[in-house]
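Participant: This is the structure I have questions about; it appears just below.
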């Protein structure tokens, strides 16, 4: 699972079996996708998984997160992640 910061400041979350190749594809804009019109892109976070289905599940999880929660993940502030969930905010 990986996260890119796009030129417009948005984040793209994806998963792949070959991160180096996929980053090149994003950088060149060869695959029509969210990032192809938001280049250049910068890799800001990556996690490795033994199984692609685990990476895909994590991708879907992070895609559902708020910008603040994604940025906490990027900064490595793992202890803040539960408090940034919508359920935690609703309880306040």
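Participant: May I ask for the angle, rounded to the nearest 10°, between helix 52-63 and the longest principal axis of the chain, with both axes built from Cα atoms and the value confined to 0 to 90°?
Facilitator: So the helix axis and the longest Cα principal axis differ by about 60 degrees.
Participant: Ok, one more. So what's the angle, to the nearest 10 degrees on a 0 to 90 scale, between helix 19-28 and the longest Cα principal axis of the chain?
Facilitator: For 19-28 against the chain, the angle is about 70 degrees.
Participant: Quickly estimate the mean residue ellipticity at 222 nm for the chain, helices only: each DSSP H run with n ≥ 4 gives -39500 (n - 2.57), and the total goes over all residues, rounded to 500.
Facilitator: Roughly -11500 deg cm²/dmol at 222 nm, from the helical runs in the chain.
Participant: Above 21 Å lies some portion of the pair distances; for the chain, what is it as a whole percent of all C-alpha pairs?
Facilitator: Summing the P(r) of the chain above 21 Å gives 34 percent of all pairs.
We did not get these values from a lab; they are worked out from the coordinates using the rules stated. Please read these numbers as outputs of a predicted model, since none were measured by experiment.
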